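First up is the structure itself, then whatever we jot down about it.
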Amino acid sequence: MKSHTNNYIAKSHTGQSKIINGFSKLTKEEKLNKISSFLQNSNESVQEFKSFWHTNKKIQKRIDEFSENTISNYYFPYGIAPNVVINGKSYLVPMTIEESSVVAAASKSAKYWAARGGFHAKVISVSKIGQVHFIYNGNVEKLYEAFPRIKSALIERAKPITANMEERGGGIQDIELVDKTDDMEGYFQLKATFNTVDSMGANFINSCLEEFAAGLQKYFDEHDVFEPHEKDIQIIMSILSNYTPECLVECWVECDIEELASEDLGMGAEPFAEKFEKAVKIAQIDTCRATTHNKGIFNGIDAVALATGNDFRAIEAAGHTYAARTGKYQSLSEVTIKDGKFRYSLKLPLALGTVGGLTTLHPLVKKSLELLDNPKAEELMMITATMGLANNFGAIKSLVTSGIQKGHMKMHLLNILNTFDATDEEKKQAIEYFKNIKVSYANVSDFLTALRKNQ
């Protein structure tokens, strides 16, 4: 058959093919030059990419090796939320995020609640899940009858992998056989639960699962309890699940309703509490609102996850699945008002680590953990969840009082000014001018035009 590989080739604006064979084998400089050749002002592009390289060559080499085909670094702001009080302990929480007003909202909420007893948090459970997916078309009763012996053999086979984790108090918690034949012919799972203590544990779990798969196949091959046709099982895949509904953390704030009063509410404490409650209830009823509501929670959570070298994609995947666990996607947080008390809480799965991965390799991750007093994984779970609740509380507080845009656009002012290459003096004057003026792209443009005209 004639190959069509070369019939359709993507082109750049210069007419060059964007199909690059052997790209991974090029040196970093060669990759950079090759990529810049697709851009206008190629030489300037090379220098711009290089300007983001770390000046310390050892650190830059380490960063390059975090991923593949690296040509530069991509900077995100690294900020601090002060005055965070959790279970009576105060924290300076590092947050890495590019979105305006997230750190400000979390900081403002932290200060607000520090005067009202602070945040409270607890870890409910820490189990993580892994699965071996396989096909077995033999006698199901035989499989279940043999499973206790299979399970023991698998745990024993994984001992070389689990020994160190067990010394630290973790390891394999259980393995169960799950029958999924109602969903697909012959489909079964080995569903294993793990405690990975202070590590994220992805490599540990996946290594155990691959040993389970090999051990399962070996057991079928070597034991006569199964007929010859029953030995022909098919291992489909062995992989951890990022859904960790039993790796749960809960955090909350609570106070007497009258204690909610503050000058910026524009209303009494009781009307505010009632309006706040309705706003959260809407996020429990309406999926469109729930999505944005939960996004606000993850603004805080992701920022801490990034700063501490954790996998925010896995965290979000688990959280959104948990939000839909009833069959309907809804708010991860809830509010209760009872007997004159206001309580706002957040419960979600949060699999985090403080050892392994980037925790000892990325310089700022190490600093982040040091700022947090080098927490264990469970403490980091509580801190991270708290920042999700803090950011979410701040967002809803704004929504039901002054509106979200007033504060957000004030924070966004600098971004707009930077698009106009405003000088430091122009920024200073703009910040003063827009204290009581609505911030918008058009208004900022008009202000700068008038200012520059009079200079």
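The values are calculated or read from the model by the stated rules, or taken from the named source; none is laboratory data. A quick note: this is a predicted structure, and the numbers were derived from the prediction, not measured. Reconstructed Cβ throughout: ideal geometry from the backbone, glycine too, with neighbour counts over all protein chains shown.
Can you confirm whether Gly186 is touching a Cys at 6+ places or on another chain (Cβ under 8 Å) and not hydroxyl-bearing (Ser, Thr, Tyr)? Outline the logic, then answer.
Working: touching a Cys at 6+ places or on another chain (Cβ under 8 Å): no; not hydroxyl-bearing (Ser, Thr, Tyr): yes.
So Gly186 does not fit the description; no.
If we keep just the residues of the stretch 238-255 that are in a strand (DSSP E or B) and out of contact with any helix residue (DSSP H, G or I) (no Cβ under 7 Å at 6 or more places or on another chain), which is farthest from Ala390 (Cα to Cα)?
If we filter the stretch 238-255 for residues that are in a strand (DSSP E or B), which is where we start, we get 238-241, 248-255.
From what is left, the residues that are out of contact with any helix residue (DSSP H, G or I) (no Cβ under 7 Å at 6 or more places or on another chain) are 241, 248, 250, 252, 254-255.
Values: Ser241: 28, Leu248: 18, Glu250: 13, Trp252: 9, Glu254: 13, Cys255: 15 Å.
Only one residue tops the list, namely Ser241.
So, Thr359, is that one modelled with pLDDT under 95 and out of contact with any His (no Cβ under 8 Å at 6 or more places or on another chain) or not? Let's see the steps before the verdict.
Working: modelled with pLDDT under 95: yes; out of contact with any His (no Cβ under 8 Å at 6 or more places or on another chain): yes.
It is true that Thr359 is modelled with pLDDT under 95 and out of contact with any His (no Cβ under 8 Å at 6 or more places or on another chain).
From the residues in the stretch 261-306 that are without any contact (Cβ under 8 Å) to a residue 40 or more places away in the chain and part of a loop (DSSP other than H, G, I, E, B), which one is farthest from Lys341 (Cα to Cα)?
Residue satisfying both the conditions and the ranking: Asp286.
Can you say whether Thr321 is without any contact (Cβ under 8 Å) to a residue 12 or more places away in the chain and among the β-branched types (Val, Ile, Thr), as far as the supplied structure shows? Write out each step before concluding.
Working: without any contact (Cβ under 8 Å) to a residue 12 or more places away in the chain: no; among the β-branched types (Val, Ile, Thr): yes.
Taking the combined requirement at face value, the residue does not satisfy it.
Quick check on the stretch 325-347. Is at least one of its residues touching a Lys or Arg at 6+ places or on another chain (Cβ under 9 Å), surrounded by fewer than 18 Cβ atoms within 10 Å (Cβ to Cβ), assigned by TED's automatic domain parsing to the domain that holds Tyr112 and in contact (Cβ under 8 Å) with a residue 60 or more places away in the chain?
The answer is yes, given that some residue of the stretch 325-347 is touching a Lys or Arg at 6+ places or on another chain (Cβ under 9 Å), surrounded by fewer than 18 Cβ atoms within 10 Å (Cβ to Cβ), assigned by TED's automatic domain parsing to the domain that holds Tyr112 and in contact (Cβ under 8 Å) with a residue 60 or more places away in the chain.
Yes/no per residue for (1) out of contact with any helix residue (DSSP H, G or I) (no Cβ under 6 Å at 6 or more places or on another chain); (2) surrounded by 13 or more Cβ atoms within 10 Å (Cβ to Cβ):
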position: Val46; (1), (2): no, yes
position: Ser51; (1), (2): yes, no
position: Thr55; (1), (2): yes, no
position: Lys61; (1), (2): yes, no
position: Tyr74; (1), (2): yes, no
position: Asn87; (1), (2): yes, yes
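Got a number for residues in the stretch 183-224 being part of a helix (DSSP H, G or I), in contact with a strand residue (DSSP E or B) (Cβ under 8 Å, 6 or more places away or on another chain) and of a type in the set (A, V, I, L, M, F, W, C)?
Residues that pass the stated criteria total 8.
Would you check if there is a residue in the stretch 371-384 being outside any loop (DSSP other than H, G, I, E, B), touching a Gly at 6+ places or on another chain (Cβ under 7 Å) and either at pLDDT 95 or above or among the acidic types (Asp, Glu) (or both)?
Quick first cut of the stretch 371-384, residues outside any loop (DSSP other than H, G, I, E, B) only: 371, 377-384.
Filter again for touching a Gly at 6+ places or on another chain (Cβ under 7 Å), leaving 377.
So of that shortlist, the ones also either at pLDDT 95 or above or among the acidic types (Asp, Glu) (or both) come out as 377.
Within the stretch 371-384 (the criterion being outside any loop (DSSP other than H, G, I, E, B), touching a Gly at 6+ places or on another chain (Cβ under 7 Å) and either at pLDDT 95 or above or among the acidic types (Asp, Glu) (or both)), the answer is yes, since at least one residue qualifies.
Among the candidates Ile416, Ile383, Ile431, Ile437, which residue alone is under 20 Å from Asp302 (Cβ atoms) and of a type in the set (Val, Ile, Thr)?
Ile383
Only residues that are surrounded by fewer than 17 Cβ atoms within 10 Å (Cβ to Cβ) and closer than 13 Å to Leu399 by Cα: list them for the stretch 278-288, please.
Lys278, Ile282
May I ask you to verify whether Asp311 is acidic (Asp, Glu) and within 21 Å of Met95 (Cα to Cα)?
Details: acidic (Asp, Glu): yes; within 21 Å of Met95 (Cα to Cα): yes.
Yes: the conditions hold for Asp311.
When the residues of the stretch 164-213 are narrowed to those that are without any contact (Cβ under 8 Å) to a residue 40 or more places away in the chain and among the acidic types (Asp, Glu), which ends up surrounded by the most Cβ atoms within 10 Å (Cβ to Cβ)?
Glu210
I'd like to know if the stretch 291-299 contains one or more residues that are buried (at least 20 other Cβ atoms within 10 Å of the Cβ) and in contact with an Asp or Glu (Cβ under 6 Å, 6 or more places away or on another chain).
We begin by selecting, within the stretch 291-299, every residue buried (at least 20 other Cβ atoms within 10 Å of the Cβ); these are 293-294, 296-299.
Restricting the remaining residues to those that are in contact with an Asp or Glu (Cβ under 6 Å, 6 or more places away or on another chain) gives 298.
Checking the stretch 291-299: at least one residue is buried (at least 20 other Cβ atoms within 10 Å of the Cβ) and in contact with an Asp or Glu (Cβ under 6 Å, 6 or more places away or on another chain).
If I filter the stretch 214-232 down to residues being under 19 Å from Ala192 (Cα atoms) and not aromatic (Phe, Trp, Tyr), which single residue comes out as surrounded by the most Cβ atoms within 10 Å (Cβ to Cβ)?
Leu216
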